[in-house]
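> I'd like to ask some things about the structure below.
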Amino acid sequence: MIRVRKFDGSLEAYDRKKVVAFCLRMGASKGEAEAIADRVEGRLFDEIQTKKILQMARRYVARYRPKVRLRRDLRSAISLLRSKPDWELFVQRLMSEVGFDVEGNRVLRGKCVENEVDGVLRKNSQTIMLEVKHHLSPHTKTSLDIPREVRSIFEDLTEGFALGYHDIDFTDALIVCNTKFSTEGKKYADCRGIGRLSWKDPVERGLEVLIEEEKFYPITILREVDKKMKTTLGDNGIIVLKQIVDADLKKLSVQTGIREERLEGLERNARKILRD
């Protein structure tokens, strides 16, 4: 049995399905992904690092799909966004893309104290308190403390509404984060009825699935977007590829100070990724 050294240092049995899934997320077809998994398996050794497996898979995907060289993998790309305001805006706009009416950040008086919420989501009879969390490392798990905190804020606000301190009758709470939840974090959230949207959670309908379905890619998915450009574009409200494609590049150049020629190259590559 081949064991794989995970990012946290622990060992687990090699799982072919994870390689195939990674290749599919990078744009490979099912047949290509299976062929790549075969090639990867020919080079495995016991205690190989997950990072090395993904690097191999990425190189092989690029042979089938040259556009892959333009992009980072999605998990890394969303971790490169700034926590505030980029990630909060990204999540709010993603929720809008999937059908929610979205109201931005609010400060509301609860029974005990004022609380800031990262958004208010409305759909049908639901009014959801949104809490957004972001980790710079894509392998840092969202801990038990987060759903505990969200539960206490939710209770304070529902009691505050009953007392007439604010005008939003929350029915639910939702945590959206860019990493996985810890086991205890999941258990507590489920026990307390707090919704979760995170990496591969819910199963088969996690954060990465929604992003891929909507092609709602962050600008950081483009390898040419460095830290300085990410900051400059983010400061001007540009956080997803669709905004680059729809922008008036002349105006954006004046607004950001980024040369128009560079923005044109960014737009071309954004269109290539969005066409996949």
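The values are calculated or read from the model by the stated rules, or taken from the named source; none is laboratory data. Remember, predicted model here, so these are calculated numbers, not experimental data. Cβ atoms come from the backbone with ideal geometry, glycine included; neighbour counts cover every protein chain shown.
> Just checking: which of the helices (runs of 4 or more DSSP H) contained wholly in segment 1-87 hold 3 or more residues that are out of contact with any Phe, Trp or Tyr (no Cβ under 9 Å at 6 or more places or on another chain)?
Because the criterion is at least 3 residues that are out of contact with any Phe, Trp or Tyr (no Cβ under 9 Å at 6 or more places or on another chain), the helices (runs of 4 or more DSSP H) in segment 1-87 that meet it are 16-25, 30-41, 50-64.
> Do any residues in segment 16-31 that are assigned by TED's automatic domain parsing to the domain that holds residue 59 have Cβ atoms under 6 Å from those of residues that are of a type in the set (Asp, Glu), where the two are at least six apart or on different chains, and which pairs are they?
27/276
> List, please: which pairs have Cβ atoms under 6 Å, are six or more places apart or on different chains, and start with a residue in segment 231-248 that is free of Cβ contacts under 8 Å to residues at least 40 places away in the same chain and surrounded by 13 or more Cβ atoms within 10 Å (Cβ to Cβ) and end with one that is of a type outside the set (S, T, N, Q) and not in a helix (DSSP H, G or I)?
241/217
> Residue 107: more than 19 Å from residue 209 (Cβ to Cβ) and either of a type outside the set (S, T, N, Q) or assigned to a loop (DSSP other than H, G, I, E, B) (or both), yes or no? Explain how you work it out, then say what you get.
Values: more than 19 Å from residue 209 (Cβ to Cβ): yes; either of a type outside the set (S, T, N, Q) or assigned to a loop (DSSP other than H, G, I, E, B) (or both): yes.
Against the criterion (more than 19 Å from residue 209 (Cβ to Cβ) and either of a type outside the set (S, T, N, Q) or assigned to a loop (DSSP other than H, G, I, E, B) (or both)), residue 107 qualifies.
> Can you tell me which residue is surrounded by the most Cβ atoms within 10 Å (Cβ to Cβ) among those in segment 60-73 that are touching a residue at least 40 places away in the same chain (Cβ under 8 Å) and in contact with a helix residue (DSSP H, G or I) (Cβ under 6 Å, 6 or more places away or on another chain)? Reasoning before the result, please.
Keep residues of segment 60-73 that are touching a residue at least 40 places away in the same chain (Cβ under 8 Å), which gives 65, 67-73.
Checking the rest, the ones that are also in contact with a helix residue (DSSP H, G or I) (Cβ under 6 Å, 6 or more places away or on another chain) come to 67-72.
Details: 67: 15, 68: 22, 69: 11, 70: 17, 71: 25, 72: 20.
The qualifying residue surrounded by the most Cβ atoms within 10 Å (Cβ to Cβ) is 71.
> Anything in segment 168-209 that is in a loop (DSSP other than H, G, I, E, B) and either under 20 Å from residue 18 (Cα atoms) or under 18 Å from the mean Cα position of the chain (by Cα) (or both)? List them, or say none. Don't jump to the end; show me each part of the working.
Applying the first criterion (in a loop (DSSP other than H, G, I, E, B)) to segment 168-209 yields 168-171, 178-180, 182, 192-194, 199-200, 202-206.
Scanning segment 168-209 gives 178, 179, 180, 182, 199, 200, 202, 203, 204, 205, 206.
> I've got another one for you. Looking at segment 140-162, can you tell me whether even one residue there is of a type in the set (Phe, Trp, Tyr), in a helix (DSSP H, G or I) and crowded, with 21+ Cβ neighbours inside 10 Å? Steps first, answer last, please.
Residues of segment 140-162 that are of a type in the set (Phe, Trp, Tyr), as a first pass: 154, 161.
Okay, now just the ones that are also in a helix (DSSP H, G or I), so 154, 161.
Applying the additional criterion that residues be crowded, with 21+ Cβ neighbours inside 10 Å yields 154.
Yes, that holds for at least one residue.
> Just checking, how many residues over segment 105-139 are farther than 23 Å from residue 187 by Cβ, of a type in the set (A, V, I, L, M, F, W, C) and crowded, with 20+ Cβ neighbours inside 10 Å?
The qualifying residues number 4.
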